[in-house]
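The values are calculated or read from the model by the stated rules, or taken from the named source; none is laboratory data. As the structure is a prediction and not an experimental result, all values here were calculated from the model. Cβ placement follows ideal geometry from the backbone for every residue including glycine, while neighbour counts extend to all protein chains displayed.
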Amino acid sequence: MRVLFVCNNAYIRGNGLSASVLNTVRNLREYGMDVRLMSASNPDPDGPQPDFPLRHMKIPLFEPIIRSNGFCYARIERKVIREAVEWADVVHFEECFLLERVVRRMADRQGKVCTATCHLYPHNITANLGLPKKNLLSWLLSRFWVRSIFNHCSDVQCPTSEVMRYLQSYDTRARLHVISNGIRLPEDPFRPAPVQPEPEVDILCIGRLAKEKSQETLLKAMQYSRYADRIRLSFAGSGPKARKYQRMAERLYRQAVLRHVPSFGFYTAEQLSGLARKSYLYVHCAWVEVEGLSCLEATREGLVPIIGEGDLIGTSQFALCPESLYPACDSRALAQRIDWWIEHPEERNAMSVRYAKAARRYALEDSVKSLVEMFQLALEKR
């Protein structure tokens, strides 16, 4: 079975979708699948390149916004696309943009089986255009994506049950499969050591610094926490809101709300694991999130999470107790949850072990096996 993965760009540092695509392709190959990638070429000439490279496409006016959010679009090069589609038995879409629509039409003409993964909500895009959470454009994009891509696929991977409900609400005709993107796990279960919230309380927040990730909720929560003077915040990620959040953090320090200046940085996977193991809590602030693997990767290390809960947040399914949830974007509620965990270290350490065990349900090997079964089903039912 030959599977073609289609993605605008798989080589942007700090983009969760790009990282997921490369991880999936690599692990499918290790599983024994014949997988090739069509994507914009890697800007690093010394780095890996896609099997079917496309040139980058710049969009006037919007290019700075697109780049600042860790994304870029690929040019429509029909000769390359035709060659890639002719090679494939299954064409798998990672997005629902112009490239995927052109590839889908060519695949239809050649009678190829098409599948997809729902990696994005339209709100991930409209939020960065400055539109409110509920807006007409998000609804229109949802309808367009379903009609132009998902309804032309036999099967669609939904990373969480929340994504499945979202696609069902738009009458998606494809077979829907809840398959996590998965995380790498050590062979032996990790046994987290007890951590005490004194004298300092380290709180970790991982994610692209963008509007829909809403890290400002955590910064604002410091004004309501009884223990703000003991808290050390670490933000792992980059993005268009980086300067704004850094200024907010410095202001909290100058006002003596915080006694420790929050840190901002971009870290390797190994460095993030180290940060997670020495932290007391993990906070996931996003109000739009398809899955949120960064949360799973933190809980894998025994870090107890506090996760925003809402209609477009798949990450909330990882919560194992009510104290790990709060209404998304509610800074006061988040502060209350943070204070509760600080005041209950024994409960925190007990839940740390539970979270480390629960993360093992999302093993990458299981996700790859389920994805292979989905491709096989697509071919059998063509």
Q) Restricting the search to the range 239-263, which residues are buried (at least 19 other Cβ atoms within 10 Å of the Cβ) and in contact with a Phe, Trp or Tyr (Cβ under 8 Å, 6 or more places away or on another chain)? A) 245, 249, 262
Q: May I ask you to say which residue of 162, 200 is under 30 Å from residue 380 (Cβ atoms), of a type outside the set (A, V, I, L, M, F, W, C) and at pLDDT 90 or above?
A: 162
Q | Search result, residues across the range 59-101 that are crowded, with 19+ Cβ neighbours inside 10 Å and either acidic (Asp, Glu) or at positive phi (or both) | A | 70, 94, 95, 100
Q) Taking interchain pairs and intrachain pairs at least six residues apart, which have beta carbon atoms under 8 angstrom, with the first residue in the range 300-326 and over 17 Å from residue 289 (Cβ atoms) and free of Cβ contacts under 8 Å to residues at least 40 places away in the same chain and the second hydrophobic (A, V, I, L, M, F, W, C) and buried (at least 20 other Cβ atoms within 10 Å of the Cβ)? A) 320/351; 321/351; 323/306; 323/341
Q) Just one of 104, 109 is modelled with pLDDT of 95 or more, of a type in the set (Lys, Arg), surrounded by 14 or more Cβ atoms within 10 Å (Cβ to Cβ) and under 21 Å from residue 173 (Cα atoms); which is it? A) 104
Q. How many of the residues in the range 211-228 are more than 18 Å from residue 309 (Cα to Cα) and small (Gly, Ala, Ser)?
A. 2
Q: Among what's in the range 124-149 and is crowded, with 22+ Cβ neighbours inside 10 Å and in contact (Cβ under 8 Å) with a residue 40 or more places away in the chain, pick the residue that is nearest to residue 25 (Cα to Cα).
A: 149
**Q.** Index of the failed condition, residue 232 passing every other in (1) crowded, with 16+ Cβ neighbours inside 10 Å; (2) out of contact with any Asp or Glu (no Cβ under 6 Å at 6 or more places or on another chain)
**A.** (2)
Q | Checklist (1) part of a helix (DSSP H, G or I); (2) of a type in the set (Gly, Ala, Ser); (3) in contact (Cβ under 8 Å) with a residue 24 or more places away in the chain applied to residue 333, failing item | A | (3)
(Q) Can you go through 382, 348, 361 and tell me which one is touching a strand residue (DSSP E or B) at 6+ places or on another chain (Cβ under 7 Å), in a helix (DSSP H, G or I) and not hydrophobic (A, V, I, L, M, F, W, C)? (A) 348
